[in-house]
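First up is the structure itself, then whatever we jot down about it.
Readers should treat all values here as calculations from the given coordinates under stated rules, not as data from a laboratory. No experiment lies behind these values; they were computed from the predicted model shown. So basically every Cβ, Gly included, is an ideal-geometry build from the backbone, and we count neighbours across all protein chains shown.
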Amino acid sequence: RTKPKTLIVIFGATGDLAKRKLFPSIYHLYNKGRLSENFAVVGVARREWTDETLRDTVYQSIKGEIDPNVGDLKDFCKHFFYLPFDVTSKSSYDSLNTILNKLDNDFDIPGNRIFYMAMAPEFFGTIASNLKSEGLTNTKGWSRLVIEKPFGHDYPSANQLNEEIREAFDEDQIYRIDHYLGKEMVQNIEVIRFANAIFEPLWNNRYISNIQITSCETLGVEDRGGYYETSGALRDMVQNHMLQMVSLIAMDPPIRLTPDEIRSEKIKVLRALRPMEPIELDNYFIRGQYGPGEMNGKSVIGYREEEKVDPNSGTETFVAGKLLIDNHRWAGVPFYIRTGKRMSLKSTKIVIQFKELPMNLYFDQQQSTHPNLLIIHIQPDEGITLLLNGKKVGPTGETTPVQLDYSNNSVDSINTPEAYERLLYDCMLGDTTNFAHWDELNLSWNFIDVISNYWEKNHPGDFPNYKAGTMGPKASEELLKKDGFHWWSLF
Ligand code: BG6
């Protein structure tokens, strides 16, 4: 296995993401022997921390997961350094460069640098351009920029941010994180589709009646009310994670498994999405906001009562939508998506519902046959379910649904690498497959902007319209009902 030699600079190292995701991911990579000893991490942020404060934070963030068989954790922490930083001051970049050059030398790193933006997005552009102008990207090795969401707020702001960072970095040096692309079963979609002779021939409008993608959460907005008020579920989940899953499910087989070929197929799906027209938007997209309710027997407050949330807020915490993909493969097949906070369970699943047979011999029976379903369980279970029809045991000849289940959990749950760990490793290896390309963002924002503009102009009269702890507003059920479908319960 390749063991990349690399320096990682984390902008926003005192923040939550670094603590919850980045430090543990780096530790796991180290622990599994994917990182050589030739690596160093420099945390930068405004606060006046020292190397010791950072190392202590790193230690705290991973101490729950320490593998007793792996050497002294203190050795691991010695790869971490800290620099108080002002993103607008040239002298900060000079000091950083001096440290990076020294660490290249001390750890024998050939000038490979990952700049990880894990902080407020308003500074991404400034940082990127200073990294270049102050010579931090000018090394013998490679430089890569990792960018966390949100990547813009709408198309114009995303485009502006993109232009700023593109002045300093080429597209193939930019790794835009969509952590859904790091999930085991999201990565498995391509394998299920393209490595099985039994699915691909049926994967089209002749055999599939509709596709349902659900990503529901039980959490509310927690302490992110300020951010969420400017975002809402549409920007927070649909523009990125949901549309990424749609494109992986709907894309044509790429001619090769290279990042460029895969991306070019995904982009075609986004290009084929039927644009929303404001006049008929209500028939395609509906929104919801949670009110007070009950979760696990405890009462919880509504969205409008959350901290930093406007008591009359029109921000949606739930979205359901019907997408149409106007190409030969999918013409006429609705893709339903739904996502929301404070729903009855935490679950991400994709249900592919197949059409009925042209002539159903068993239709007259008391119990008609069940449509064939393929369910891809993304989380918390990871696996696949296939729903078939079989004969009920006994003399009657009645049919009964038969459920074939494959679950990853029993096999690999302890070692299932977290999304961030994979993505960080991919970035070290220079593999851009599971990152969002600008072309994808461009198309997805343009699609989403029509919906958000319409919603902004038309304040919802009926918010809150679903109780915390339920599966969203009634309109979400009606969206499918008028097409003769219903949401499959999440098996
Ligand atoms: C993030 C959103 O991108 O995804 C959060 O900002 C959301 O609001 C989260 O909770 C969901 O991720 P996961 O991996 O828990 O499904």
Mean ellipticity per residue at 222 nm, deg cm²/dmol - from DSSP H runs of n ≥ 4 across the chain, formula -39500 (n - 2.57) = -9000 deg cm²/dmol
Positive dipole terminus of the chain, leading residue within 259, 103, 213 (C-beta point charges) = 213
Going residue by residue through segment 432-440, the Karplus relation 6.51 cos²θ - 1.76 cosθ + 1.60 with θ = phi - 60° gives ³J(HN,Hα) values, rounded to whole Hz and with x marking Gly or Pro, of 8, 3, 9, 10, 7, 7, 4, 4, 5
Using only Cα atoms, what is the ratio of the radius of gyration of the chain to 2.2 N^0.38 Å?
-> 1.05
Pseudo-spin-label distance residue 400 to residue 312, built 7 Å along Cα→Cβ, given in nm, is 5.8
Could you order peptides 118-125, 353-360, 214-221 by the average number of other Cβ atoms within 10 Å of their residues, highest first?
-> 214-221, 118-125, 353-360
Where does the Debye-calculated log10 I(q)/I(0) of segment 34-118 sit at q = 0.16 Å⁻¹, using only Cα point scatterers of equal weight, no solvent?
-> -0.70
Relative packing of 128-141, 34-47, which averages over residues the other C-beta atoms within 10 Å, highest first = 34-47, 128-141
Provide the FRET efficiency to the nearest 0.05 for the residue 101-residue 439 pair, computing r from the beta carbons and using R0 = 35 Å.
-> 0.50
Computed from the beta carbon distance with a Förster radius of 41 Å, FRET efficiency for residue 331 and residue 379 to the nearest 0.05 stands at 0.85
Can you work out the PRE-style zone for residue 299? Point 7 Å along Cα to Cβ, and I want the residues of segment 210-246 with backbone N under 20 Å.
-> 219-222
Can you tell me the order of 179-188, 251-260 when each peptide is scored by its average per-residue count of other Cβ atoms within 10 angstrom, highest first?
-> 179-188, 251-260
In Å, the C-alpha Rg and Dmax of segment 224-373 are 19.5, 59
Go through segment 447-454 residue by residue and turn each phi into a ³J(HN,Hα) via Karplus (6.51, -1.76, 1.60, θ = phi - 60°); whole Hz please, and just put x for glycine and proline.
-> 5, 5, 4, 4, 5, 5, 4, 5
Computed over the chain: longest principal axis from alpha-carbon atoms vs helix 419-429 long axis, angle to nearest 10 degrees, is 50
Expressed in angstrom and ordered largest first, the alpha-carbon extents of segment 70-203 along the principal axes are 60, 48, 26
R0 = 60 Å: FRET efficiency of residue 51 with residue 359, Cβ-based, nearest 0.05?
-> 0.25
Hey, what angle do you get for helix 51-62 against the long axis of the chain, alpha-carbon based, 0 to 90 degrees rounded to 10?
-> 20
